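Undergrad: Once you've had a glance at the structure underneath, I'll fire off some questions.
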Amino acid sequence: MNDKPLTPPPSEEEVRRLSRRLTRRSFLTGGAATVSALAGWQWLRTSAAEDGTPWPLRRVLRFNEQVARAAFRETRLAPTFPESRAVRAEDMRVNGGLGLSAGPGAAAWELVVEGGPGPARRLTLADIRALPRTMMTTELKCIEGWSEVVTWGGAAFRDFLVRYRLGTRSGAAPDLADRGDLYRYVALETPDGGYYVGLDTASALHPQTLLCYEIGGRPLAAAHGAPLRLVIPVKYGIKNIKRIGRVRFTDERPRDYWAERGYDWYAGH
């Protein structure tokens, strides 16, 4: 049997005093945390910008890019799927309409290519279709978190460069084994200039990077980038530019629509 005397319960006045003490402490602690959070946000918001983004965030994005670049290999392919897994062309989700203002139809459309010696080149959809046709069923991953499996048809970007002698400083056909003559970057934009992306040349030459003109064996619909879009399954959807109107090769890192708005320039996954 335990003969230890029981501690009497606190009086009502003691309970009120303890409650007031805890309430004041909670208020002070919560207030300090709020002030610290606001101060941190103000510091972040007013930090000097790099490429349109406060430098602390830009440094994080650059670190992410370094990790993604280190993992990149041309032999590392995005997963492919049976065509039976692919969404139907008419059911495919429309992921954005930037740069898709009314423009010429496929018959009048042309692709302007700049970079290298000589004037800009102008190519037609027939020129793209003259390249070997490649089909693949891969996953389009949106940076917002959703994805769809799609069967794409088009021309490999690397075949485009070799056939039309593009992307080199000398104007010669690129040597894919020795790339010293190639520009470092590729810039792409819509005909109206409303949307634009930048790619490193290694990503542009990945075997699964396509100039795409078909979905599920059918010509692209206007909402999906007709008559020609980029498909690059090793990047998030923000890099898969629709309705390409201009391609430019450069040694300067190109501007990128979403990178200017705080997203990762590299956007690999």
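The values are calculated or read from the model by the stated rules, or taken from the named source; none is laboratory data. The model shown is predicted, which means the values in this text are computed figures rather than measured ones. We place every Cβ from the backbone using ideal geometry, glycine too, and count neighbours over all the protein chains shown.
Undergrad: Can you tell me which of Ala126, Ala120, Ala86, Ala107 is among the hydrophobic types (A, V, I, L, M, F, W, C) and touching a residue at least 24 places away in the same chain (Cβ under 8 Å)?
TA: One residue alone meets the criteria, Ala86.
Undergrad: Within region 121-158, can you find the residues that are within 23 Å of the chain's Cα centre (by Cα) and under 22 Å from Arg248 (Cβ atoms)?
TA: Gly154, Ala155, Ala156, Phe157, Arg158 - these are the residues of region 121-158 that are within 23 Å of the chain's Cα centre (by Cα) and under 22 Å from Arg248 (Cβ atoms).
Undergrad: Looking at region 144-151, is at least one residue buried (at least 16 other Cβ atoms within 10 Å of the Cβ) and either touching a helix residue (DSSP H, G or I) at 6+ places or on another chain (Cβ under 7 Å) or among the aromatic types (Phe, Trp, Tyr) (or both)?
TA: yes
Undergrad: If you don't mind, another one. What strands (runs of 3 or more DSSP E) completely inside region 174-216 contain at least 1 residues that are of a type in the set (Val, Ile, Thr), more than 25 Å from Gly99 (Cα to Cα) and assigned by TED's automatic domain parsing to the domain that holds Arg243?
TA: In region 174-216, there are no strands (runs of 3 or more DSSP E) which contain 1 or more residues that are of a type in the set (Val, Ile, Thr), more than 25 Å from Gly99 (Cα to Cα) and assigned by TED's automatic domain parsing to the domain that holds Arg243.
Undergrad: While we're here: Out of all the residues in region 210-228, is one or more under 17 Å from Arg158 (Cβ atoms), among the charged types (D, E, K, R) and touching a Lys or Arg at 6+ places or on another chain (Cβ under 9 Å)? Walk me through it before giving the result.
TA: Of the residues in region 210-228, the ones under 17 Å from Arg158 (Cβ atoms) are 210-213, 228.
Subsequent filtering for residues that are among the charged types (D, E, K, R) retains none.
Among the residues of region 210-228, not one is under 17 Å from Arg158 (Cβ atoms), among the charged types (D, E, K, R) and touching a Lys or Arg at 6+ places or on another chain (Cβ under 9 Å), which makes the answer no.
Undergrad: When the residues of region 183-207 are filtered to those that are small (Gly, Ala, Ser) and buried (at least 19 other Cβ atoms within 10 Å of the Cβ), which remaining residue is farthest from Leu228 (Cα to Cα)?
TA: For region 183-207, the residue satisfying everything is Ser203.
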